[in-house]
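Contents: one structure, followed by commentary.
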Amino acid sequence: METRETAAILGSLAESARAMGVFGEVTVVVEGSGGRVTARALASAAPAEYRVEIENGEACVGVFTADRWLSHSVEADLMNTGDDLEELLEEELVEVGYTGKAPTIDHYRNDEKMFAFRSKTGIRLSETDAEEKIRLVLRAYEACFRHLGDLHQDGEEE
């Protein structure tokens with residue numbers, strides 16, 4: 001896929017993220033044949049961002065924070081409730097109408113020293129309905145993580 005096409009898709013995804021009304025600032029970075037959309041978590045107790053990253057023509061979606069405490073708050077919430085993160089994401093995917101296979105979630109600290117909860121979606125940009133699928137996964141990711149740990153501030157609606 002050409003850089004121009006990737007840039008257009010990322011731009012469209014950014015506009016959709018803004019229209020969802022659940023994110024703060026949304027930015028786009030195009031790098032070679034890849035790039036990413038970054039959408040700030042709206043009500044997080046510490047800075048966090050959702051990302052759609054394009055790597056080798058495939059979309060990856062995740063939530064990232066440099067704040068160890070925020071990452072641990074999500075982990076602690078899951079441990080205390082006994083919920084399975086991938087099952088929670090799968091429920092949200094069903095809720096938004098996504099019909100593809102639910103992706104697995106990797107949790108790690110990346111090269112940027114950010115704590116990441118990230119999924120390779122298996123969605124290729126060359127697919128005819130790729131943009132819509134990616135939008136749905138991003139929406140489900142936000143809905144899933146919004147209620148975990150301190151990704152929402154006290155007093156925010158749950």
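The values are calculated or read from the model by the stated rules, or taken from the named source; none is laboratory data. Fair warning: this is a prediction, and the values are worked out from it, not measured in the lab. Virtual Cβ from ideal backbone geometry, glycine too; neighbours counted across all protein chains shown. Heavy atoms of the whole protein, side chains included, go into the accessibility calculation; ligands, DNA and RNA do not. Shrake-Rupley method; radii C 1.70, N 1.55, O 1.52, S 1.80 Å.
Table for the structure above
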{"quantity": "Lys, Arg +1 and Asp, Glu -1 on Cβ, resulting dipole of the chain about Cα centre, debye, nearest 20", "calculated": "540"}
{"quantity": "The range 75-119 - charge dipole about Cα centre, Lys and Arg +1 at Cβ, Asp and Glu -1, debye rounded to 20", "calculated": "260"}
{"quantity": "Long-range tail of P(r) for the range 48-122 (Cα pairs > 15 Å, %)", "calculated": "60"}
{"quantity": "Whole-number accessible area per residue in Å² for the range 24-158, which is evaluated in the context of all protein chains at 1.4 Å", "calculated": "53"}
{"quantity": "Integer Hz, Karplus 6.51/-1.76/1.60 couplings in order for the range 18-28, x for Gly and Pro", "calculated": "4, 5, 5, x, 10, 10, x, 4, 10, 10, 10"}
{"quantity": "The chain: calculated mean residue ellipticity at 222 nm from DSSP helix runs of at least 4, using -39500 (n - 2.57)", "calculated": "-12500 deg cm²/dmol"}
{"quantity": "Amide H within-cut-off set for L42, under 5 Å, with H built and near neighbours excluded", "calculated": "G24"}
{"quantity": "On Cα atoms only, tilt of 85-96 relative to the major axis of the chain in degrees", "calculated": "60"}
{"quantity": "Computed Rg/Rh of the range 88-129, alpha carbon atoms with Kirkwood Rh", "calculated": "1.06"}
{"quantity": "In sequence order, calculated HN-Hα J values of the range 134-150 (Karplus, 6.51, -1.76, 1.60; Hz; x Gly/Pro)", "calculated": "5, 4, 5, 5, 4, 4, 5, 4, 4, 5, 5, 7, 3, 9, 9, x, 9"}
{"quantity": "Segment T81-E25, extension gain: residue separation times 0.36 nm, minus the distance between their alpha carbons", "calculated": "17.1 nm"}
{"quantity": "Cα centroid of the range 105-143 to Cα centroid of the range 27-69, whole Å", "calculated": "9"}
{"quantity": "With every protein chain in place, the range 66-158: carbon and sulfur % of accessible area (1.4 Å)", "calculated": "42"}
{"quantity": "Angle between the chain longest axis and helix 68-81 axis [Cα atoms, degrees, rounded to 10]", "calculated": "70"}
{"quantity": "For the range 6-158, fraction of C-alpha pairs farther apart than 20 Å, in %", "calculated": "44"}
